[in-house]
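What follows is one structure encoded as structure tokens, with my remarks underneath.
Here, each number is a calculation from the coordinates, and none is a lab measurement. Keep in mind that what you see is a predicted model, and the values were worked out from it rather than measured. Backbone-built Cβ (ideal geometry, glycine too); neighbour counts: all protein chains shown.
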């Protein structure tokens with residue numbers, strides 16, 4: 001089962017799970033523990049990392065009353081109405097999509113498009129009718145994304161260059177480039193602590209905490225086991241959640257004011273389970289791609 005970027009909606013208390021193989025995005029209602037299946041996304045077999053895989057919807061981002069879903073099979077970004085959970089219009093890009101992020105201050109959708117060494121920026125001023133806006137060229141393969149809304153910064157990594165980029169969301173210019181310190185396997189996901197200006201970069205075996213106020217100085221390291229991809233951070237309780245797919249382990253840690261991760265809880269997941277997300281109540285969700293089951297871990301602080 002091909003499952004990549006999940007998204008949590010604090011307003012509607014849902015977790016959105018794009019499932020590439022089935023051509024659907026499944027909306028999990030936190031209150032009722034039920035799924036609503038959103039169908040209509042085309043699928044296609046594609047080559048990825050040396051093997052053939054079924055591709056389809058693979059990334060979700062929550063916007064203003066809309067969930068934007070990237071589809072690797074068709075290189076489209078599609079709008080799903082959060083009230084009706086109906087699939088709306090789609091915009092086809094010239095290159096395959098990867099991660100999808102909504103930048104609320106600019107009413108834009110940013111898409112990582114690594115095959116073209118770029119970020120594709122879409123105009124979302126009409127939330128149900130995306131339009132191409134511009135392309136930001138990068139010097140490598142962009143991987144992962146996070147937004148510091150307070151400072152107007154979009155963060156992404158260059159997986160093949162072991163670098164982290166800070167991009168001004170208003171000018172679309174790269175304002176800083178730091179070493180991610182992940183080594184030859186490169187960085188993957190990324191998250192931010194806006195209040196303390198920390199940037200958390202996922203490596204394949206853990207997380208590096210960088211000080212954005214001091215040119216990306218390394219503050220702390222969290223070892224989680226192998227198989228890390230995307231990560232999530234809850235700013236209210238200062239909790240970092242990391243699912244390591246090869247280690248079959250979930251790690252929940254709190255960041256100190258010095259940027260040092262302190263492990264609060266460990267959970268057993270399934271092999272291949274990665275890309276954990278946290279809801280507004282501090283609960284954590286991880287998908288087992290082998291069985292297509294969504295595992296829930298309660299907030300470790302309550």
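In the Gaussian network model of the chain, springs joining C-alpha atoms below 10 Å, which of 215, 26, 288 carries the largest mean-square fluctuation?
Highest fluctuation among the options: 215.
Cut-off 10 angstrom, C-alpha nodes, Gaussian network model of the chain. Which of 184, 142, 18 fluctuates the most?
184
Please tell me the relative contact order of the range 231-276 in percent, rounded to the nearest whole number, where contacts are Cα pairs under 8 Å and at least six residues apart.
Numbers: 94 pairs, mean separation 17.7, N = 46.
Relative contact order here is 38 percent.
Could you work out the pair-distance distribution P(r) of the range 203-302 from its alpha-carbon pairs, with 10 angstrom bin width and percents rounded to whole numbers?
That works out to 17, 50, 28, 5, 0, in percent per bin.
Taking only C-alpha pairs under 8 Å that are 6+ residues apart, what is the relative contact order of the chain in percent?
Numbers: 892 pairs, mean separation 28.1, N = 302.
RCO, the chain: 9 percent.
Note down the nm distance, to one decimal, between modelled labels 7 Å out along Cα→Cβ at residue 298 and at residue 64.
3.9
Any idea what the relative contact order of the range 119-204 is, in percent, if you count C-alpha pairs under 8 Å spaced at least 6 apart?
Values: 187 pairs, mean separation 18.2, N = 86.
Relative contact order for the range 119-204 comes out at 21 percent.
Springs between alpha-carbon atoms under 10 Å, Gaussian network over the chain: tell me which of 204, 171, 113 tops the mean-square fluctuations.
171
Which of (1) 31, 22, 21; (2) 26, 23, 19; (3) 52, 16, 15 is the computed semi-axes √(5λ) of the Cα gyration tensor in Å for the structure on display?
Here semi-axes √(5λ) of the Cα gyration tensor in Å agrees with entry (2).
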